[in-house]
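Worksheet: the structure to be examined is printed underneath.
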Amino acid sequence: MFKNPEELKNYSDKLKSEGECCECVQVLVGMSSCGIAAGAKEVMQAIQDIIVQRDIQGCVQVKQTGCVGMCYKEPTVEIKRGGESVLLGPVTVEDAENVVDMHIGNELKVSKYVIPRNFKSCLD
Amino acid sequence: MIEQYRVVLRNCGVIDPDNLDDYIKQDGYQALGKVLTEMSPADVVDEIEGAGLRGRGGGGFPTGIKWKIAAQQENDTKYVVCNADEGDPGAFMDRSVIEGDPHSLIEAMTIAGYAIGASMGYVYVRAEYPLAIERLNRAICKAKEEGLLGDNIFGTDFSFDLQIKFGAGAFVCGEETSLIHSIEGYRGEPTTKPPFPAVEGLFGKPTIVNNVETFANVPAIILKGKDWFRSIGTKTSPGTKVFALAGKINNTGLIEVPMGTTINQIINEIGGGVPNGKKPKAIQTGGPSGGCIPVEYFNTAIDYESLKALESMMGSGGMIVLDEDTCIVDTAKFYLDFTVEESCGKCTPCRIGNKRLLELLETVTNGTADENTINDIRSLSQVIKDTSLCGLGQTSPNPVLSTLKFFPHEYKEHIEDKKCSAFVCKELYQYVINDTCVGCTLCAKKCPVNCIEGDKKEKHTIVQEDCIKCGKCFEVCKFNSVDRVPGGSNV
């Protein structure tokens with residue numbers, strides 16, 4: 001319950017300051033109707049399963065997100081680590097293992113899955 | 001290389017829509033905090049008016065002026081309505097915003113409520129968007145739990161509540177008066193304006209109706225200021241616009257670019273051009289109310305005015321790319337067919353006029369049109385535009401008029417030469433088998449209606465009366481023995 005805007009601001013600053021430690025990896029799977037139609041639910045499950053198999057769940061968080069607008073590359077997966085990020089797609093269930101090993105296991109920034117990011121946000 | 005700039009889609013694909021913390025981390029609800037503690041309602045209206053934000057649902061009416069009119073009404077009950085009844089073929093930005101960033105809509109509607117003096121808001125969303133409804137519902141509950149929506153927001157004496165209303169899928173309900181009647185529980189039929197909803201709207205009370213994309217701009221404007229917003233886009237149309245790229249284009253999807261970006265930049269640099277090495281012919285913008293812009297005008301910088309000057313309109317931002325294999329007359333017919341389906345039937349020009357206009361277009365595509373047809377189409381279109389009750393009817397002939405203006409040769413070709421060079425209009429071409437046929441029987445085997453005759457190792461023939469023009473024989477023949485030639489039953 002936020003009693004005033006200062007409380008909200010403080011909470012927002014706190015969220016910004018914790019979060020990104022340089023070892024933690026965030027995996028964002030595009031899960032709007034478009035992504036789900038392209039199989040994002042299954043892909044998210046597959047990625048989670050492989051992360052458990054590789055026993056790296058301690059430092060990896062898999063999350064859903066909205067649509068980045070790239071219908072032609074759905075399902076899309078974004079991998080974030082220490083302020084850097086790489087956008088991947090299309091990632092199918094069969095690709096999940098590859099993606100985890102190449103992009104989460106290593107810090108590989110180049111692979112056949114990488115989509116060049118051609119947008120800036122007003123929040124950057 | 002042009003880069004997209006995301007204001008409306010700033011959180012889409014960045015945050016988890018079901019996680020309020022994610023939104024707060026992106027400065028979420030801080031605009032609301034600022035508005036409630038540092039600004040008067042009049043300041044908020046001035047800020048939005050000063051930013052020059054215009055309605056992103058299509059019409060481009062200045063949002064600030066709409067808010068100002070509603071704010072000036074003396075009434076103890078007012079309403080904020082969000083139009084999320086996205087119905088244009090090929091447009092899906094509203095769905096994406098609600099699915100990817102529901103809290104920004106809640107925050108913006110609450111700000112609007114404070115600005116005009118409303119304590120109740122409705123989101124009118126299509127029932128065909130179950131995921132959007134589910135996420136928006138969860139977001140509303142969460143916001144209420146945290147005191148960001150509901151009674152005494154942030155401990156102030158301002159209260160605002162939100163309710164979701166489901167649209168049953170009628171295109172006309174995207175028109176604001178129809179939408180209002182639909183929320184009230186009546187048939188979704190339009191009424192004349194004035195009175196405008198800002199004066200007398202939902203349940204007879206002053207009401208603002210804004211599109212999802214318009215609302216999504218509001219928190220950013222409040223936080224970053226009107227001057228920042230004015231620095232993006234063009235002088236008359238500040239800010240960005242989200243387009244849904246569809247049709248014959250490589251990179252389909254949602255894009256957001258500053259107003260003033262040219263069509264070429266969007267199609268070639270962001271959209272990655274037309275697939276299979278084909279040439280683009282035109283783009284269709286504005287859905288069934290818009291028009292087709294030919295390739296010669298692709299260096300046009302897009303804003304509300306420039307599209308209007310090209311007989312099209314911004315609409316909600318659907319942008320469908322047509323390539324050289326598209327028949328323009330058939331495209332116009334497609335959109336008119338849509339309008340005829342979706343006309344509510346209340347006024348005669350729209351109900352009967354559009355039906356008759358569609359029949360005239362059908363004579364063009366089936367080869368029975370004569371020299372008077374074009375004139376008939378023009379005059380009937382003008383009558384429909386001038387006399388229809390609501391926006392749906394007033395704009396329904398636009399796809400026909402704009403294609404008549406920019407592609408008169410295609411109409412002429414259909415009417416005078418009885419020919420469709422794109423080979424789309426089935427009555428104006430036929431498949432024939434030429435002398436190179438070796439009688440392999442493949443086409444006869446694949447023909448779904450068994451209309452190809454001929455003995456093995458003999459030249460085959462197509463029985464034209466039975467042919468459904470599916471093109472299967474043309475596709476499967478390995479010897480290029482099937483030709484597509486002008487001609488047909490009415491030719």
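Side notes on the structure shown:
- Checking each residue of region B:339-346 against the condition of being closer than 27 Å to B:LEU245 by Cβ, in contact (Cβ under 8 Å) with a residue 12 or more places away in the chain and either of a type in the set (A, V, I, L, M) or crowded, with 24+ Cβ neighbours inside 10 Å (or both) gives at least one match.
- Restricting region A:53-74 to residues that are assigned to a helix (DSSP H, G or I) and either within 16 Å of A:ASP95 (Cα to Cα) or among the basic types (Lys, Arg) (or both), the residue that is nearest to the other protein chains (Cβ to nearest Cβ): A:LYS73
- B:PRO89 being surrounded by fewer than 24 Cβ atoms within 10 Å (Cβ to Cβ) and either in contact with a helix residue (DSSP H, G or I) (Cβ under 7 Å, 6 or more places away or on another chain) or away from chain A (no Cβ under 14 Å) (or both): yes
- Yes/no for B:LYS205 being surrounded by fewer than 24 Cβ atoms within 10 Å (Cβ to Cβ), touching a helix residue (DSSP H, G or I) at 6+ places or on another chain (Cβ under 6 Å) and more than 12 Å from chain A (Cβ to nearest Cβ): no
- Count of region B:158-179 residues which are within 14 Å of another protein chain (Cβ to nearest Cβ) and part of a helix (DSSP H, G or I): 0
- Counting only residues that are under 22 Å from B:ALA244 (Cα atoms) and either of a type in the set (Asp, Glu) or assigned to a loop (DSSP other than H, G, I, E, B) (or both), region A:92-122 holds 5 of them.
- Considering B:TYR122, B:TYR129, the condition of being closer than 23 Å to B:LYS193 by Cα and surrounded by fewer than 24 Cβ atoms within 10 Å (Cβ to Cβ) is satisfied by B:TYR122 alone.
- Given (1) free of Cβ contacts under 8 Å to residues at least 12 places away in the same chain; (2) of a type in the set (Gly, Ala, Ser); (3) touching a Gly at 6+ places or on another chain (Cβ under 7 Å), number of the condition B:GLY277 does not satisfy: (3)
- Restricting region A:79-92 to residues that are surrounded by 15 or more Cβ atoms within 10 Å (Cβ to Cβ) and farther than 19 Å from B:GLU3 by Cα, the residue that is farthest from the other protein chains (Cβ to nearest Cβ) is A:THR92.
- Of all residues in region A:1-50, those satisfying the criterion of being among the β-branched types (Val, Ile, Thr) and free of Cβ contacts under 8 Å to residues at least 60 places away in the same chain are A:VAL29, A:ILE36, A:VAL43, A:ILE47, A:ILE50.
- Any hit, region B:251-258, residues being in contact (Cβ under 8 Å) with a residue 24 or more places away in the chain and among the small types (Gly, Ala, Ser): no
- Among the helices (runs of 4 or more DSSP H) confined to region B:90-157, the ones with at least 1 residues that are touching a residue at least 24 places away in the same chain (Cβ under 8 Å) and touching a His at 6+ places or on another chain (Cβ under 7 Å) are located at B:130-145.
- If the condition is being part of a loop (DSSP other than H, G, I, E, B) and surrounded by fewer than 21 Cβ atoms within 10 Å (Cβ to Cβ), then region B:71-86 contributes B:GLN73, B:GLU74, B:ASN75, B:ASP76, B:THR77.
Residue-by-condition table, conditions (1) buried (at least 16 other Cβ atoms within 10 Å of the Cβ); (2) modelled with pLDDT under 95:
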position	(1), (2)
B:GLY391	yes, yes
B:PRO397	yes, no
B:HIS414	yes, no
B:ALA422	yes, yes
B:GLY454	yes, yes
B:ARG484	no, yes
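- Residues satisfying the stated conditions in region B:204-226, i.e. farther than 24 Å from B:PHE171 by Cβ, in contact (Cβ under 8 Å) with a residue 40 or more places away in the chain and outside any loop (DSSP other than H, G, I, E, B): B:ASN217, B:VAL218, B:PRO219, B:ALA220, B:ILE221, B:ILE222, B:LEU223, B:LYS226
The values are calculated or read from the model by the stated rules, or taken from the named source; none is laboratory data. None of these values were measured; they are calculated from a predicted model. Using ideal geometry, Cβ is built from the backbone for each residue, glycine included, and neighbour counts are taken over all protein chains shown.
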